[in-house]
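Novice: Structure incoming, see below.
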Amino acid sequence: MVAKRKREKGEGDTERRASLRIQDKLKAQKEAKEKLVLERVKLLDDDSASRGNSPESSAPRRSVSSPAKETKTTHTVSHGDGGQTDSNGSSEHIEKAAHLKVRETLRLFNKHYLHFVQEEEKRCAKHEKIVVASKSKGKRGRRKGTKNKAASDEDAPKARRPDLKALTKMKDANEILYPEKRIGNLPGIEEYSHYTLPLAVSIVISGMYEDDLDNADEVVYTGQGGQNLTGNKRQIQDQTLTRGNLALKNCIEHNVPVRVIRGHQCTNSYTRRVYTYDGLYKVVRYWAEKGISGYTVYKYKLKRLEGQPVLMTNQVNFVFGRVPQSISEIQGLVCKDITGGLETIPVPATNRVDDPPVAPTGFTYINSLKVESNMKIPRNASGCNCLDECSDPRECACAKFNGGDFPYVKLNDGRLVEPRDVIFECGPDCGCGPGCVNRTSQKGLRFHLEVFRSPKKGWGVRSWDYIPAGSPVCEYLGVLRRTDDVDSVSDNNYIFEIDCLQTMQGLGGRERRLRDVSIPMVNKIIQRSEDQNAPEFCIDAGSKGNISRFINHSCEPNLFVQCVLSSHHDLKLARVVLFAADNIPPLQELTYDYGYEIDSVYGPDGKVKQLACYCGATACRKRLY
């Protein structure tokens, strides 16, 4: 209609000139795009050529390409060859670097995400104060409309996404694994030119198909299609050799294994299921036959590859992957509750390794720190004047010690935004109550934990619940003693030295921390600690302890140690709390870094002692000390 009106006004020349300009602009944009595509294809060709001529040339480019994609793709098509190999014959080096890069990136995202959650909580709290104030003014006879004006303030809560804001921040800071879109194959990713696609990467066995037969190490898997998914789940038509069915057939021809994931009913999950990864299986053969309902189905026989960890499904010590409804459902149970009722959530112990199975013994369970008779605890620190709950960091005295803000967000009953040098929580002389967000680590156990027996590492701990990153798991409890008093104690592997200086330094650079605590008292303690050869105090959980004494070491842990001060401000006697470093799925063993340096432990004869590490991490140092 615009062009028609212009012609009616005698402006046809103007229209034609405008059209030519638009055409020229579009032509220029097209040429620019074609030039960009040619340049990118040339770069990819150069990269492929250099990678083919020299295996060493691909290593420096790992920081540009995506470690996440490298690891996943390698596992898709190269499981049978033992991994990638560099020019020196090291098949693990590249995968280790990629694996660690992925973990660091995920932890960085969690940190940004929780920071934005914290901002949202502040904004919502501010709006709530405005609404309360407007209601109060309305009761005093203020003019009509004051409430609506306050409620429509620009700080009113809206649908905002902390996760998307975190992703945007990472993109702006060039912290994501793929900062740009790429055309063609990604650098460092194995090409698929010699494979017939499609190829199957993984399958899920969840009991949905009536013709499935699952015998753990051997599986007869029914192909996809022809099922009444919205009704009784039975076959209602023939299957065809297309899509996923064809992909499994191609796996046989190319000898490509697939990942097998099993689904279990779970009443306390919002999906009503919990899934376990059960390793790699080889597709041995396939055939077509008439199924139970009389329709043609494709069958695939799979065998589990040897040399893999024990089936995760076999480690699910409760029926159908759910929290047990009764004690009788727990397999290998040797103790109903090692806490003796001291915790709000029972902690069972299971043993499917020893014959006959034995329960953990030789200690007394405690739920609070015990103090040796010759120890003197500092007096309580002066607290904040907040009432009921600390909400405004500008008014809370405890928040000022934490760099002017609270270290936690309220999400999921309290989560630590990121690891810090030290955390100052509210204590006995504070005006707030037990529900205060700045008392997050003082709330006791909140997850269903289990002590289990492992073949090589002795007792360990895992969770039946999903644990979000930043959640406190437990405090290391025992008897608070002087380090000099336990030097002569032999065969006690449950001594935790309170070495906040080592924690602040990130365990030799293995852990990162927020360095925002700068009060004179802490600085003096740090200087004094640097002048000492060993920490002055320790926690002895040998004869008395809690669930933390069973948590094993890992060179790639999913927990981290956090020094916390609450009742007093003496860093030498700080509380030791274990927090989740990652989002931890159910049934994964909980671990933290014990903090040993290699060749740092000496025996009575003055010789270096060595202890092998069996954590199984990709970047395992092979020795605990």
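The values are calculated or read from the model by the stated rules, or taken from the named source; none is laboratory data. Keep in mind that what you see is a predicted model, and the values were worked out from it rather than measured. A quick note on method: Cβ atoms are made from the backbone with ideal geometry, for glycine too, and the neighbour counts reach across all protein chains shown. Note: accessible area is taken over every heavy atom of the protein model, side chains too, but ligands, DNA and RNA are not part of it. Shrake-Rupley method; radii C 1.70, N 1.55, O 1.52, S 1.80 Å.
Novice: Rounded, prolate or oblate, given the Cα gyration tensor of the stretch 397-477, with a/c below 1.5 counting as rounded?
Specialist: Taking the square roots of the gyration eigenvalues as a ≥ b ≥ c, the stretch 397-477 is prolate.
Novice: Let's test the formula: R0 of 41 Å, r as the Cβ-Cβ distance of LYS457 and ASN250. What FRET efficiency results, to the nearest 0.05?
Specialist: About 0.55, to the nearest 0.05.
Novice: Let me ask something else about it. Quick one: which of 399-407, 355-363, 235-243 comes out on top by average Cβ neighbours within 10 Å, and what's the full order, highest first?
Specialist: Result, highest mean Cβ count within 10 Å first: 399-407, 235-243, 355-363.
Novice: Check TYR625: other-chain or 5+ apart residues with amide H under 5 Å from its amide H, H built from backbone geometry?
Specialist: Result for TYR625 returns LEU611.
Novice: Amide H of GLY279: which non-local residues (sequence gap of 5 or more, or other chain) have their own amide H closer than 5 Å, using H built in the peptide plane?
Specialist: VAL260
Novice: Just to confirm, what accessible area per residue do you get for the stretch 395-460 at 1.4 Å probe, in whole Å²?
Specialist: 35
Novice: Summarise the accessible area of the stretch 528-625 (1.4 Å probe, protein heavy atoms) by the percent that is carbon and sulfur.
Specialist: Taking all protein chains in place, the stretch 528-625 shows 46 percent carbon and sulfur surface.
Novice: Calculate, in nm to one decimal, what GLN588 and GLN610 gain on full extension: separation in residues at 0.36 nm each, minus their alpha carbon distance.
Specialist: That works out to 5.2 nm of additional length.
Novice: A further question follows. For GLY291, what residues show an amide H to amide H distance below 5 Å, using hydrogens built from the backbone and excluding near sequence neighbours?
Specialist: The list, which skips near neighbours in sequence, is THR296, VAL297.
Novice: Sticking with this one: How far apart, in nm, are the 7 Å Cα→Cβ label points at LEU305 and LEU241?
Specialist: Output for this residue pair reads 2.6 nm.
Novice: Please check which bits of the stretch 332-375 a label hung off SER543 would reach, taking the label as a point 7 Å along Cα-to-C-beta and the cut-off as backbone N under 11 Å.
Specialist: Counting only backbone N, you get 363-364.
Novice: Could you check how much of the accessible area of the stretch 405-485 is carbon and sulfur, as a whole percent, using a 1.4 Å probe?
Specialist: Exposed carbon and sulfur together represent 49 percent of the surface.
Novice: Related question: List, in order, the whole-Hz ³J(HN,Hα) value for each residue of the stretch 558-573 obtained from phi through the Karplus relation with A = 6.51, B = -1.76, C = 1.60 and θ = phi - 60°; use x for Gly and Pro.
Specialist: Per residue, the Karplus-derived 3J(HN,Hα) values read 10, 10, 9, 8, 10, 7, 10, 10, 10, 6, 9, 10, 8, 4, 5, 10 Hz.
Novice: Still on this structure, please answer the following. Between their Cα atoms, which of LYS122/LYS169; LYS171/LYS622; LYS410/LYS457; LYS572/LYS609; LYS122/LYS376 are more than 29 Å away from each other?
Specialist: Table pairs above 29 Å Cα-Cα are LYS171/LYS622; LYS410/LYS457; LYS122/LYS376.
Novice: Multiplying the sequence separation of ALA173 and TYR277 by 0.36 nm and subtracting their Cα-Cα distance, what value in nm do you get?
Specialist: Stretched fully, the ALA173-TYR277 segment lengthens by 34.0 nm.
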